[in-house]
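Some notes on the structure that comes next.
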Amino acid sequence: GRESSAGPRTLPRLPSVVRDMAVVEVSSELDLQSLCSSHTGLTTVLLWAPWHPPSVHLVTVLEAVAAEQKTVKFGKVNSDVCPSIATNLGANQVPFAAFLDPSGKKIDALAGADPPKLVEKVTALASRHFEAAAGKICGGGGGGSCGGGGGSCAKGGEQDLNSRLKSLVNAAPVMLFMKGSKTEPYCGFSKKAVALLNKHGAEFGTFDILQDEEVRQGLKDYSNWKTYPQLYINGQLIGGLDIMNEMEEDGSLAAQLPQPDEEDLSARLKKLVNKAPVMLFMKGNKDQPFCGFSKKAVALLNELNVDFETFDILQDEEVRQGLKEYANWRTYPQLYVGGELKGGLDIMKEMAEDGSLMEAIPASAKKS
């Protein structure tokens, strides 16, 4: 008879350590590029959010599927941490699964929480042969074989690796090569290095060496540094955790880290809070809020028939952190009227109840 549309009857349960290693935490575009290019097969990436129970459940499903599909690479992206990946993959909701080839090109997608369909798509795409990946292994363009020119191919491969490593260490002004990602370090040394950079509010990219053995071994020779993590600033090796700790003690680490132009940022923030008569800085946008507080703030303004604009702080970390200092207000959402901060959700509720919110809204922002 016909198979049930409910999909597999059981999904294997695995120890958490095994599941975590099977599904890689992706927290940057570089992480995603590394994951896709680390093999010649299918890469499945799930965009999820910790506040959305169906997508949390789908992560568990993906971990079980990953244990069965050994030829497929799996990644998960917290849409709150890296919304730019969601935008680039065309994800307008969570959960959202994207199926990518070795170049990172999307070949299929699945929107919504549908475990059986996810299993079905992974199974169907897992055996697909990607022609583009064949020539990539040797670094040559003509098919996938080295033929008789093994020596020149090896030399070309070494040159290609050095070019790739140079590009990677310059992928961001501050780059940390580590085990895991900034949101999910896989060793104590990497975790401490991330914490040190976060302490200074540094913007930095990461590369997970566990996902690319060629980079992991090649970078040791490229930089003449045999251990990880490795910190690079403007393409130059700074050192590992011990060096970072020494620089932290003498103050030279903060001096080396690129500092944002505060004057330019202040001018930009002033322009943003005055972009519309009523501005709401939030997670997501008015059509798709990405957290409960933002959703309630949008609903309150809509209920009062207020015409307002929004800014998605998840799309711009500089604004997200800078506005906290600019306004001396540490949480989101934040409501501005006429460029002046009114407060967060609690303040908005209080003002709505006593009528002072609508008194503050200019006539031009009141819908008739």
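Please enumerate the residues belonging to the stretch 329-368 that are among the polar types (S, T, N, Q) and within 14 Å of Val273 (Cα to Cα). Even if it seems obvious, please write down each step before you answer.
At the first step, the residues of the stretch 329-368 found to be among the polar types (S, T, N, Q) are 331, 334, 356, 364, 368.
Within the stretch 329-368, Gln334 is the sole residue that qualifies.
Might you let me know whether the stretch 222-239 holds any residue that is more than 24 Å from Lys166 (Cβ to Cβ), surrounded by fewer than 18 Cβ atoms within 10 Å (Cβ to Cβ) and not aromatic (Phe, Trp, Tyr)?
So the first thing to find is which residues in the stretch 222-239 are more than 24 Å from Lys166 (Cβ to Cβ), and the list is none.
No - not one qualifying residue is present in the stretch 222-239.
Collect the residues in the stretch 194-207 that are touching a strand residue (DSSP E or B) at 6+ places or on another chain (Cβ under 6 Å) and either modelled with pLDDT of 85 or more or closer than 13 Å to Val26 by Cα (or both), keeping them in residue-number order.
The first filter runs over the stretch 194-207 and keeps only residues touching a strand residue (DSSP E or B) at 6+ places or on another chain (Cβ under 6 Å), leaving 194, 202, 204-207.
The answer is Val194, Gly205, Thr206, Phe207.
Residues Val319, Val337: which one is touching a residue at least 60 places away in the same chain (Cβ under 8 Å) and touching a helix residue (DSSP H, G or I) at 6+ places or on another chain (Cβ under 7 Å)?
Details: Val319 fails: touching a residue at least 60 places away in the same chain (Cβ under 8 Å).
Answer to the selection: Val337.
Would you check if there is a residue in the stretch 249-268 being within 30 Å of Asp346 (Cα to Cα) and open to solvent by 80 Å² or more (accessible area, probe 1.4 Å)? Can you show your working first?
Step one: filter the stretch 249-268 for residues within 30 Å of Asp346 (Cα to Cα), giving 262, 265-268.
Then drop every residue that is not open to solvent by 80 Å² or more (accessible area, probe 1.4 Å), which leaves 262, 268.
There is at least one residue in the stretch 249-268 that is within 30 Å of Asp346 (Cα to Cα) and open to solvent by 80 Å² or more (accessible area, probe 1.4 Å).
Scan the stretch 340-367 for residues that are farther than 19 Å from Ser294 by Cα and either without any contact (Cβ under 8 Å) to a residue 24 or more places away in the chain or among the charged types (D, E, K, R) (or both) and jot them down.
Listed by number, the residues that qualify are Asp354, Gly355, Ser356, Glu359, Ala360, Ala363, Lys366, Lys367.
Just give me the residues in the stretch 28-87 being within 11 Å of the chain's Cα centre (by Cα), among the acidic types (Asp, Glu) and surrounded by fewer than 23 Cβ atoms within 10 Å (Cβ to Cβ), in sequence order.
Within the stretch 28-87, Glu29, Asp80 meet the criteria.
Give the stretch 272-289 a look and list any residue that's touching a residue at least 60 places away in the same chain (Cβ under 8 Å), open to solvent by less than 50 Å² (accessible area, probe 1.4 Å) and in contact with a Pro (Cβ under 9 Å, 6 or more places away or on another chain), or say none.
Selection gives Val278 alone.
Looking only at the stretch 97-104, decide whether some residue is outside any helix (DSSP H, G or I), acidic (Asp, Glu) and free of Cβ contacts under 8 Å to residues at least 12 places away in the same chain.
The first filter runs over the stretch 97-104 and keeps only residues outside any helix (DSSP H, G or I), leaving 97-104.
Within this subset, residues satisfying the condition of being acidic (Asp, Glu) are 101.
Keeping just the survivors that are free of Cβ contacts under 8 Å to residues at least 12 places away in the same chain gives none.
Within the stretch 97-104, not a single residue is outside any helix (DSSP H, G or I), acidic (Asp, Glu) and free of Cβ contacts under 8 Å to residues at least 12 places away in the same chain.
Name every residue in the stretch 42-74 that is more than 16 Å from Ala109 (Cα to Cα) and in contact with a helix residue (DSSP H, G or I) (Cβ under 7 Å, 6 or more places away or on another chain), in order of residue number.
Taking the stretch 42-74 first, the residues more than 16 Å from Ala109 (Cα to Cα) are 49-54, 56-57, 60-61, 63-71.
Correct list: Ala49, Pro50, Trp51, Val61, Glu63, Val65, Ala66, Ala67, Gln69, Thr71.
The values are calculated or read from the model by the stated rules, or taken from the named source; none is laboratory data. Only a predicted model underlies this, so the values are computations on that prediction, with no experimental measurement involved. Here Cβ is always computed from backbone atoms with ideal geometry, including for glycine, and neighbour counts include all displayed protein chains. Accessible surface is based on the protein model in full, side chains and every heavy atom, while ligands, DNA and RNA are left aside. Shrake-Rupley method; radii C 1.70, N 1.55, O 1.52, S 1.80 Å.
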